[in-house]
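Report on the structure given below.
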Amino acid sequence: MPFEKGSLILLDYTARIKDNNEIFETTREEDAKNSNLYDPVRKYEPRLVSIGEGWVLRGVDEALSTANVGDKLVIEISPDKGFGDRDPNKIRMIPQRKLGEKAAEIKVGDVVEIDERPGIVRYIGSGRVQIDYNHRLASRSLVYDVNIIHKLDTNEEKIKNLMKRRLPLNEEKIKFEMQDDTLEIELPEDVLLLDGLQIIKRAISTDLFKFITSLKKIIFKEVYSLSSSKGSQKLEATTAEATTAEATTAEATTAEATTAEATTAEATTAEATT
């Protein structure tokens with residue numbers, strides 16, 4: 001039967017621009033290698049999506065809402081359900097000097113950030129630069145080749161995948177214990193120095209409270225250990241921080257918005273944005 005709104009599923013997909021077949025986003029390593037997107041550091045794996053929550057483009061979301069696990073879909077998306085139509089009011093001409101010390105090195109096609117807004121350089125001349133603040137895929141029709149791999153049904157699956165959505169963690173490093181309405185999560189040392197970790201933890205808490213309705217309290221443990229050279233002694237220091245469902249109101253909403261593009265998984269990815 002079709003998915004309900006809020007269902008968590010894993011998708012394997014490749015997205016292309018319809019008119020030239022250019023790949024702009026993929027979860028498949030082979031397709032990435034056949035494009036200019038391949039990143040040897042990235043782990044290519046199915047992406048977590050919540051149905052009807054805006055984690056993907058509207059055209060993709062609508063198609064998924066009537067699908068089932070195991071379906072293979074080819075979804076054509078018009079601009080109005082993708083990145084929108086190109087708006088001429090989002091194109092600005094600015095003095096070249098506003099680009100700063102490296103203004104002379106910037107060329108047409110580069111992505112720059114002016115006044116905290118990313119834009120694409122369309123023209124350079126006579127000391128002026130034309131910046132296009134439209135999304136680079138605005139007015140383009142898109143095609144998504146999608147396999148629906150799995151629907152998350154258990155709390156264990158939801159916890160692991162919601163944490164991986166926010167933190168660069170391998171599954172074997174995700175340690176947690178849930179008793180009644182309390183979840184205790186142990187954070188490994190290799191993520192403890194991440195920029196914005198407190199915001200990320202708040203966003204993880206928001207996700208978990210939303211998708212595991214029986215959950216009322218989350219405790220994050222930070223464990224630091226020092227082993228001797230012989231491995232016979234271990235010095236361990238632990239700190240813990242708890243969040244509750246009642247605490248995740250306006251603050252949690254702010255954390256969600258702040259973190260959404262800071263982690264790679266997100267509604268539409270950073271590759272498409274740039």
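The values are calculated or read from the model by the stated rules, or taken from the named source; none is laboratory data. Fair warning: this is a prediction, and the values are worked out from it, not measured in the lab. Quick reminder, even Gly has a Cβ in these numbers, built from the backbone with ideal geometry, and neighbours come from all protein chains shown. When the accessible area is computed, the model is the full protein with side chains, heavy atoms only, and any ligands, DNA or RNA have been set aside. Shrake-Rupley method; radii C 1.70, N 1.55, O 1.52, S 1.80 Å.
Key figures for this structure:
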| quantity | calculated |
| --- | --- |
| Unique match (being hydrophobic (A, V, I, L, M, F, W, C), part of a loop (DSSP other than H, G, I, E, B), open to solvent by less than 80 Å² (accessible area, probe 1.4 Å) and at pLDDT below 90) among 272, 265, 242 | 265 |
| Cβ pairs under 7 Å, 6+ apart, first in the stretch 86-104 and of a type outside the set (Val, Ile, Thr), second open to solvent by 100 Å² or more (accessible area, probe 1.4 Å) | 93/128; 95/128; 96/128; 103/97 |
| Test: residue in the stretch 187-207 that is under 30 Å from residue 63 (Cα atoms) and surrounded by fewer than 16 Cβ atoms within 10 Å (Cβ to Cβ) | no |
| Search result, residues across the stretch 84-111 that are surrounded by 14 or more Cβ atoms within 10 Å (Cβ to Cβ), over 29 Å from residue 59 (Cβ atoms) and either touching an Asp or Glu at 6+ places or on another chain (Cβ under 8 Å) or of a type in the set (A, V, I, L, M) (or both) | 94, 99, 103, 106 |
| Check on residue 42, surrounded by fewer than 16 Cβ atoms within 10 Å (Cβ to Cβ), under 23 Å from residue 142 (Cβ atoms) and modelled with pLDDT under 95 | yes |
| Qualifying position, being among the charged types (D, E, K, R), open to solvent by 20 Å² or more (accessible area, probe 1.4 Å) and more than 22 Å from the chain's Cα centre (by Cα), among 145, 181, 132, 153 | 181 |
| Selection within the stretch 14-33 - touching a residue at least 24 places away in the same chain (Cβ under 8 Å) and open to solvent by less than 30 Å² (accessible area, probe 1.4 Å) | 14, 15, 17, 24, 25 |
| Near pairs, Cβ below 6 angstrom, 6+ apart or cross-chain, from the stretch 107-131 (over 14 Å from residue 93 (Cβ atoms)) to any residue that is among the polar types (S, T, N, Q) and open to solvent by 60 Å² or more (accessible area, probe 1.4 Å) | 111/274 |
| Residue match in the stretch 107-116 (condition: in a loop (DSSP other than H, G, I, E, B), of a type outside the set (D, E, K, R), more than 23 Å from residue 23 (Cα to Cα) and modelled with pLDDT under 95) | no |
| Which listed residue is crowded, with 16+ Cβ neighbours inside 10 Å and either outside any loop (DSSP other than H, G, I, E, B) or touching a strand residue (DSSP E or B) at 6+ places or on another chain (Cβ under 9 Å) (or both), from 74, 56, 69 | 56 |
| Candidate set from the stretch 44-63 (those that are under 15 Å from the mean Cα position of the chain (by Cα) and touching a residue at least 60 places away in the same chain (Cβ under 8 Å)); member that is nearest to residue 80 (Cα to Cα) | 57 |
| Residue in the stretch 10-29 that is among the charged types (D, E, K, R) and over 19 Å from residue 143 (Cα atoms) present | no |
| Some residue of the stretch 5-13 being open to solvent by 20 Å² or more (accessible area, probe 1.4 Å), in contact with a strand residue (DSSP E or B) (Cβ under 6 Å, 6 or more places away or on another chain) and among the aliphatic types (A, V, I, L, M) | yes |
